[in-house]
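Chemist: Take a look at the following structure, please.
The values are calculated or read from the model by the stated rules, or taken from the named source; none is laboratory data. Just so it is clear, the model here is predicted, and its values are computed rather than measured. Here the Cβ is made from the backbone with ideal geometry for all residues, glycine too, and neighbour counts use every protein chain on show. These accessible areas exclude ligands, DNA and RNA; they are computed on the full protein's heavy atoms, side chains included. Shrake-Rupley method; radii C 1.70, N 1.55, O 1.52, S 1.80 Å.
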Amino acid sequence: MEQYAINGGIPLVGEVEIGGAKNAALAILAASVMTDETVLVENMPDVRDTNILLQAMQSIGVHVERLDRHTVKINASSIQTMVIEDDFIKKIRASYYLLGALLGKYKKAAVALPGGCNIGSRPIDQHIKGFKALGANVQIAHGLISTEAEVLKGNHIYLDVASVGATINILMAAAMAEGQTIIENAAKEPHVVDLANFLNSMGANIKGAGTDVIRVRGVQKLHKTEYTIIPDQIEAGTFMFAAAATKGDVTVKSVIPKHLESITAKLIEMGCEVKESDDAVRVVASKPLKNTHVKTTYYPGFPTDMQPQITVTLGLSRGTSIVTESIFENRFRYVDELTRMGASIKVEGNTAIIDGVSKYTGASVTAPDLRAGAALVIAAMAAEGMSVVDDIHYIQRGYEDFDVKLRSLGAQIEKVDSERQLQKFRLKIG
Ligand code: EPZ
């Protein structure tokens, strides 16, 4: 099993290119099946999640031509089935985006039910509510969620929670429904806007994405397009907090600073110097980190996908900090691992009370999920001495060349998959 071997205590310094947004790419790749013409997608991150979704699409007959790591040509004119097999949904929940896409285009679809995952139960009741509001029948049987409609008719849909996934799935189905759909209490994340822009580039008629109310006028047909995915604000934020935790000086490049505002604001509260330019943000952490408090919430608030990264960093700040996780019910599982590195954090329900310590010490830890795994790597890079992070397949789901990019910033990190390689790394660091 691959692991990251890390020798910590080295400030990260330098510049790093940020890739395409994973969570925008998953929605856009799924939506590309809504036309019979060819779609070209650029700046796609080459990560496990996008590669598995492309495999799921190929499994139903979609033609996928990989021009390079980050560019793919898709043609869905010869789809053979609307049923997405179990093993794909088990690997990535976002396979369920094909429900909204196939329902919109073919008025029927079936996907294995996504299970819960390591950060919470992850219900899909709002997705189902939206499909039913558009006139589709939805059945759950034998672990499969099936939906179909004679005709999809636009409707006024009020989401009970500003769910990203439900907004995306409903948006795709509504894009080819008859008449107008209004989605109230819609998610406003940048990747929802990116999907709306992608669909509009194919001839859809979507207004208001990025606000609480999205208005869609359904169209009969969508056509070909060439589209470039937005930068990944969570990958960028992860490197920004890695700079803070290691007392470094890192510039994240090819980003949209506006998407990073809540992350930048917290880093400034913690005493970092943050300089923005058109498509880059520089984080300099030369002073001791200050404590602060944060509550994760929907965009443009502080993102839940950055909660482990800020918690790890606050664990090294002076004073007591409070982090409240208001989106998922079980997203502090990594704190037990962090305690092994010397953190002093008490989790009570969805709140973490953090007493800053002067340093972490290297240890062997296990990544419990994607973002917590990245946060444990940050802790290991800040820690004194050697760490090993296990189960890094979670991290590879959403971070492309994570160790390569960190090494380019001076980190002593290597991917190892044997005791011998681990020993070699130990000898190398001396
Ligand atoms: C997306 O998950 C992201 N995944 C998650 O990123 C991210 O953490 C999350 O949005 C919040 O920003 C992808 O985009 C592939 P939600 P999603 O529906 O769509 C409740 C990562 O690290 N809810 O916005 O599943 C739900 O329980 C991943 O890249 C319902 O109650 O999140 C949660 O409490 C992790 N009913 C809240 O809404 C529903 O039908 C927000 O979930 C749907 C959701």
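Chemist: Could you list, in sequence order, all residues of segment 94-113 that are crowded, with 19+ Cβ neighbours inside 10 Å and within 15 Å of the ligand (Cβ to nearest atom)?
Modeler: Result: ALA94, SER95, TYR96, TYR97, LEU98, LEU99, GLY100, ALA101, VAL111.
Chemist: Something else: Would you pick out the residues in segment 172-187 that are in contact (Cβ under 8 Å) with a residue 60 or more places away in the chain and either among the acidic types (Asp, Glu) or more than 12 Å from the ligand (Cβ to nearest atom) (or both)?
Modeler: Within segment 172-187, MET172, ALA173, ALA174, ALA175, MET176, ALA177 qualify.
Chemist: Of all residues in segment 275-295 being assigned to a strand (DSSP E or B) and crowded, with 21+ Cβ neighbours inside 10 Å, which is nearest to the ligand (Cβ to nearest atom)?
Modeler: Only one residue fits best here, namely VAL294.
Chemist: Let me ask something else. Quick check, is ALA136 over 24 Å from ASP369 (Cα atoms), away from the ligand (no atom under 12 Å from the Cβ), in the same structural domain as ASN185 (by TED's automatic domain parsing) and open to solvent by less than 20 Å² (accessible area, probe 1.4 Å)? Full working, then the answer.
Modeler: Working: over 24 Å from ASP369 (Cα atoms): yes; away from the ligand (no atom under 12 Å from the Cβ): yes; in the same structural domain as ASN185 (by TED's automatic domain parsing): yes; open to solvent by less than 20 Å² (accessible area, probe 1.4 Å): yes.
The answer is yes for ALA136.
Chemist: Quick test for you: out of ALA30, ALA24, ALA56, pick the one residue that is closer than 30 Å to GLY248 by Cβ and not in a strand (DSSP E or B).
Modeler: Criteria check complete, one pass: ALA24.
Chemist: Among the residues of segment 296-329, which ones are more than 14 Å from the ligand (Cβ to nearest atom), part of a loop (DSSP other than H, G, I, E, B) and out of contact with any helix residue (DSSP H, G or I) (no Cβ under 8 Å at 6 or more places or on another chain)?
Modeler: Listed by number, the residues that qualify are SER317, GLY319.
Chemist: Within segment 115-127, can you find the residues that are near the ligand (Cβ under 9 Å from one of its atoms) and surrounded by fewer than 19 Cβ atoms within 10 Å (Cβ to Cβ)?
Modeler: CYS117, GLY120, SER121, ARG122, PRO123, ASP125 - these are the residues of segment 115-127 that are near the ligand (Cβ under 9 Å from one of its atoms) and surrounded by fewer than 19 Cβ atoms within 10 Å (Cβ to Cβ).
Chemist: OK, next. Collect the residues in segment 162-171 that are touching a helix residue (DSSP H, G or I) at 6+ places or on another chain (Cβ under 6 Å) and either within 16 Å of PRO190 (Cα to Cα) or within 7 Å of the ligand (Cβ to nearest atom) (or both), keeping them in residue-number order.
Modeler: SER163, ALA166, THR167, ILE168, ASN169
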